[in-house]
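Novice: First the structure, then my questions, so here it is.
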Amino acid sequence: GKTLLGLEAINIKKSHYRKKYGISAGQKKLRIIILIGFSNDESQLKQQLEKSESHNDCSIDIETEMDPDSEVITRIFQAKENYKSYIHTLIMMDEIQR
């Protein structure tokens, strides 16, 4: 249930930013980074997100099999050349060990 709640929170934030900044469909001004720790590349969440068309209005990066620390998150955040061109970046962490 926590994962579904997190995904719904992302959808709410996307809707808020689309309205606030007048982002229309097809404009990739929002970026979502989802970190799935201690999973495998065949993660059910990853498969669902890649097939979903509800994220075709933003850039989505999914990272699996990781134990994030500040250096890893910074590396992922800055992985794209144009990371500064996004209005907002939303980060969701799922199945992360404490």
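The values are calculated or read from the model by the stated rules, or taken from the named source; none is laboratory data. Quantities reported herein were computed from a predicted structural model and do not represent experimental measurements. Ideal geometry is used to build each Cβ from the backbone, glycine not excepted, and the neighbour counts take in all protein chains shown. Accessible surface areas use protein heavy atoms only, side chains included; no ligands, DNA or RNA. Shrake-Rupley method; radii C 1.70, N 1.55, O 1.52, S 1.80 Å.
Novice: Give all pairs with beta carbons closer than 8 Å in which a residue from region 11-32 that is closer than 20 Å to ASP61 by Cβ meets a residue that is among the basic types (Lys, Arg) and part of a helix (DSSP H, G or I); count only pairs at least 6 apart in sequence or on separate chains.
Specialist: Listed by first residue and then by second, the contacts come to LEU30/LYS14; LEU30/ARG18; ILE32/LYS14.
Novice: Looking at (1) loosely packed, with under 14 Cβ neighbours inside 10 Å; (2) modelled with pLDDT of 85 or more, which is the one condition that is false for LYS13?
Specialist: If we test LYS13 against (1) loosely packed, with under 14 Cβ neighbours inside 10 Å; (2) modelled with pLDDT of 85 or more, just (1) comes out false.
Novice: Look at SER43 and say whether it is open to solvent by less than 40 Å² (accessible area, probe 1.4 Å) and at pLDDT below 80. Step through it out loud before you land on a result.
Specialist: Working: open to solvent by less than 40 Å² (accessible area, probe 1.4 Å): yes; at pLDDT below 80: yes.
So SER43 passes the test.
Novice: From the list ILE73, ILE34, ILE91, ILE62, exactly one residue is β-branched (Val, Ile, Thr), at pLDDT 75 or above and open to solvent by less than 30 Å² (accessible area, probe 1.4 Å). Which is it?
Specialist: On the way: ILE73 fails: open to solvent by less than 30 Å² (accessible area, probe 1.4 Å); ILE91 fails: open to solvent by less than 30 Å² (accessible area, probe 1.4 Å); ILE62 fails: open to solvent by less than 30 Å² (accessible area, probe 1.4 Å).
Checking each option against the conditions leaves just ILE34.
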